[in-house]
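*Asks:* Take this structure, written in structure tokens, and hold onto it; I'll ask about it next.
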Amino acid sequence: MLLDSFHRPAKDLRISVTDRCNLRCTYCMPFDEYVWIDKKEILTFEEITRLARLFIGLGVDEIRLTGGEPLARTNLEILVGQLSALAGLKDLSLTTNGIFLAENAAALAAAGLKRINVSLDTLNAERFRQITKRGELSKVLEGLFAAKGAGLHPIKINAVIERGVNDVDILELVEFSREHSFALRFIEFMDVGNSNSWKSERMVSKTEILAAISARYPLREVGRDQGTAPSVDYEFAVGQGDIGVIASVTEPFCSSCTRVRLTADGKLVTCLFSETGHDLKSLLRSGATDEELVQFISGVWRKRRDRYSDERLEALHSIQGYQSKDHKKIEMISLGG
Ligand code: SAM
Ligand code: SF4
Ligand code: SF4
């Protein structure tokens with residue numbers, strides 16, 4: 001099995017299919033100086049599928065399509081069809097902002113997609129617009145119900161909570177998700193990219209999120225899926241439903257991180273907070289054989305020593321503290337969440 005320097009296998013491949021996005025979420029979108037990836041540098045569906053097959057050969061068994069906004073890529077269902085036909089793949093999923101989901105849900109399900117994550121941070125239309133800059137909440141809600149109608153399951157809602165922005169929405173998100181059987185996952189606000197003005201004070205911690213919920217709806221901890229998943233899950237003491245919290249900042253899970261990322265322009269990235277990627281596309285387009293590509297991927301993974309969130313937590317607890325701006329990172333829209 002392919003293992004990195006800390007004996008972590010590569011199991012979970014996140015493929016960014018485009019860096020373009022129809023929203024401008026304040027916590028994610030870089031400023032104007034960001035240079036969009038040139039269209040001809042974007043991997044084709046055939047290139048992505050070939051690389052996915054090679055990653056599966058190296059031990060990957062889960063693939064998530066992300067971006068940017070994956071549904072901004074035309075005919076994404078064709079890629080879904082190609083990937084879901086790959087032998088050895090146990091799980092194929094998609095993370096979307098949901099704006100284009102209503103018109104795509106049925107085609108994605110027909111192509112083989114089983115489950116989906118929809119990002120939704122508030123149920124208040126005005127705040128939704130404030131966070132995303134250009135989105136219509138009603139489109140996301142339509143998308144969620146279309147996904148349900150198309151038989152996708154589970155449908156997870158991802159909510160990033162930022163202090164003073166949408167911490168007031170925690171309970172309403174819980175109630176909405178329970179009512180409609182969506183699985184809600186809260187995500188601690190992270191310092192992704194180079195321009196989201198992250199400060200630890202703006203992050204609402206897992207402890208605070210759980211306190212806000214359990215004051216109204218007592219919770220029982222279920223734990224991490226398979227003991228290692230990023231989300232710590234909880235069920236309600238009374239009634240149906242469950243929630244989870246991904247505490248990337250306050251309870252990092254680097255020691256069990258099996259995620260490998262492929263950017264839309266074919267860079268292999270070994271951590272969400274990496275400064276650079278490894279140029280797999282040039283090798284691919286130079287006519288490399290499968291064996292040469294596998295050698296390249298294996299060489300990068302074997303050297304992997306990433307533990308950024310562990311280091312951040314250590315720095316946050318140190319006398320010097322942690323300054324996000326001292327660390328240059330690839331933008332989230334390029335490498336996928
Ligand atoms: N555009 C799609 C979407 O929004 O779902 C997929 C890409 S987006 C980069 C993937 C996930 O990253 C989303 O759930 C988003 O909320 C999350 N994300 C973006 N910026 C974040 C931040 N600063 N902290 C925590 N999560 C973040
Ligand atoms: Fe776009 Fe998703 Fe980033 Fe929002 S979080 S700007 S929807 S890529
Ligand atoms: Fe994995 Fe990097 Fe996140 Fe740690 S910081 S969990 S190594 S992606």
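The values are calculated or read from the model by the stated rules, or taken from the named source; none is laboratory data. All of these numbers come straight from a predicted model, not from anything done at the bench. No Cβ is skipped: glycine too gets one built from the backbone with ideal geometry, and neighbour counts run over all protein chains shown. Please note that ligands, DNA and RNA were not included when accessible areas were found on the heavy atoms of the full protein model with its side chains. Shrake-Rupley method; radii C 1.70, N 1.55, O 1.52, S 1.80 Å.
*Asks:* Calculated FRET efficiency, residue 127 and residue 22, Cβ-Cβ r, R0 22 Å, to nearest 0.05?
*Replies:* Values: r = 18 Å, r/R0 = 0.83.
Here the calculated transfer efficiency is 0.75.
*Asks:* A further question follows. Over the alpha carbons of segment 7-145, what is the largest minus smallest coordinate on each principal axis, giving the biggest first in Å?
*Replies:* So the three principal-axis extents are 46, 37, 33 Å.
*Asks:* Here's something else I'd like to know. Can you tell me how much longer the chain between residue 181 and residue 138 gets when fully stretched, taken as 0.36 nm per residue apart minus their C-alpha distance, in nm with one decimal? Show your work: numbers first, answer last.
*Replies:* Details: separation 43, 0.36 × 43 = 15.48 nm, distance 1.83 nm.
Roughly 13.6 nm would be gained on extension.
*Asks:* Let me ask something else. Nearest 20 debye, what's the magnitude of the dipole of segment 161-271 about its Cα centre given +1 on Lys and Arg Cβ and -1 on Asp and Glu Cβ? Before the final figure, lay out the partial values.
*Replies:* Details: 12 positive and 17 negative charges, 71 e Å.
Dipole magnitude for segment 161-271 comes out near 340 debye.
*Asks:* Express in Å², to the nearest 10, the accessible area of residue 32 obtained by rolling a 1.4 Å probe over the protein heavy atoms while all chains stay in place.
*Replies:* 150 Å²
*Asks:* Check which residues have an amide H placed less than 5 Å from residue 219's amide H, if you skip close sequence neighbours.
*Replies:* Hits under the 5 Å cutoff: 237.
*Asks:* Work out the charge dipole of the chain with +1 on the Cβ of Lys and Arg and -1 on the Cβ of Asp and Glu about the Cα centre, then indicate which of 298, 105, 146 is farthest towards its positive end.
*Replies:* Of the listed residues, the answer is 298.
*Asks:* Which of 11/328; 267/303; 40/114; 267/328; 267/329; 90/139 have a Cα-Cα distance over 23 Å?
*Replies:* Details: 11/328 26 Å; 267/303 16 Å; 40/114 30 Å; 267/328 17 Å; 267/329 14 Å; 90/139 30 Å.
Flagged as over cut-off: 11/328; 40/114; 90/139.
*Asks:* Considering only protein heavy atoms and a 1.4 Å probe, what is the carbon-and-sulfur percentage of the accessible area of the chain?
*Replies:* Details: 7720 of 14810 Å².
On the chain, the fraction of accessible area on carbon and sulfur atoms equals 52 percent.
*Asks:* Heavy atoms of the protein only, probe of 1.4 Å, neighbouring chains included. What is the accessible area of residue 286 in Å², nearest 10?
*Replies:* Answer for residue 286: close to 90 Å² accessible.
*Asks:* Among the DSSP beta bridges whose two residues both lie in segment 12-335, what percent are antiparallel, rounded to the nearest 5?
*Replies:* The antiparallel fraction comes to roughly 35 percent.
*Asks:* Let me ask you something else. Give the lysines whose C-alpha is closer than 19 Å to that of residue 325, dropping any in the same chain fewer than 8 places away, or say none.
*Replies:* Those lysines meeting the cut-off are 199.
*Asks:* Here is a further query. Once the convex hull of the C-alpha atoms of segment 199-255 is built, how many Å³ does it hold per residue, rounded to a whole number?
*Replies:* Convex hull of Cα atoms, per residue: 75 Å³.
*Asks:* Leaving ligands and nucleic acids out of the surface, order 172, 69, 77 by accessible area at 1.4 Å, largest first.
*Replies:* Working: 172 90, 69 5, 77 50 Å².
Descending accessible area places them as 172, 77, 69.
*Asks:* Per residue, how much accessible area does the chain show when a 1.4 Å probe rolls over the protein heavy atoms, in square angstrom?
*Replies:* Details: 14810 Å² over 337 residues.
So the chain comes to 44 Å² accessible per residue, rounded to a whole number.
*Asks:* Which of 337, 289, 212 sits closest to the plus end of the dipole of the chain, meaning its Cα is farthest towards the positive end, when Lys and Arg get +1 and Asp and Glu get -1 on the C-beta?
*Replies:* Farthest towards the positive pole: 289.
*Asks:* About its Cα centre, what dipole magnitude does segment 251-337 give when the only charges are +1 on Lys and Arg Cβ and -1 on Asp and Glu Cβ, stated in debye to the nearest 20?
*Replies:* Dipole about the Cα centre, nearest 20: 60 debye.
*Asks:* Report the relative contact order of the chain, percent, no decimals, based on alpha-carbon pairs under 8 angstrom and at least 6 residues apart. It would help to have the intermediate numbers written out before the result.
*Replies:* On the way: 669 pairs, mean separation 77.4, N = 337.
With pairs under 8 Å counted, the relative contact order is 23 percent.
*Asks:* Using a basic spin-label model with each label point 7 Å from the Cα along Cα→Cβ, how many nm lie between residue 228 and residue 303?
*Replies:* The modelled label-to-label distance comes out at 2.4 nm.
*Asks:* Here is a follow-up. With contacts defined as alpha carbon pairs under 8 Å and 6 or more residues apart, what's the relative contact order of segment 134-188 in percent? Please list the in-between numbers first.
*Replies:* Values: 37 pairs, mean separation 22.3, N = 55.
Taking the mean separation of contacting Cα pairs over the length of segment 134-188, I get 40 percent.
*Asks:* Next question, about the same structure. Per DSSP H run of at least 4 residues, take -39500 (n - 2.57); add these up for the chain, divide by its residues and hand me the 222 nm value, nearest 500 deg cm²/dmol. Spell out each step's value before the answer.
*Replies:* Values: 11 runs with 106 residues, N = 337.
-9000 deg cm²/dmol, from helical runs alone.
*Asks:* Determine the order of 180, 317, 278 by accessible area, beginning with the largest, at a probe radius of 1.4 Å. Please report the intermediate quantities before stating the final value.
*Replies:* Working: 180 40, 317 145, 278 70 Å².
My answer, sorted largest first, is 317, 278, 180.
*Asks:* Okay, next question. So, with +1 on the Cβ of K and R and -1 on the Cβ of D and E, and no other charges, what is the size of the charge dipole of the chain about its Cα centre, to the nearest 20 debye? Mind dumping the intermediate values first?
*Replies:* Working: 44 positive and 47 negative charges, 71 e Å.
With Lys and Arg at +1 and Asp and Glu at -1, about 340 debye.
*Asks:* Rank these residues by their accessible area, most exposed first, probe 1.4 Å: 163, 14.
*Replies:* Working: 163 95, 14 20 Å².
The most accessible residue leads, giving 163, 14.
*Asks:* Along the three principal axes, how long is the chain when you take its alpha carbons, biggest first, rounded to the nearest angstrom?
*Replies:* Per principal axis, max minus min of the Cα coordinates gives 58, 52, 41 Å.
*Asks:* Which lysines, on any chain, are close to residue 206 with Cα under 23 Å apart, when same-chain ones fewer than 8 places away are left out?
*Replies:* Of all the lysines, those that pass the test against residue 206 - Cα under 23 Å, at least 8 places apart if same chain - are 156.
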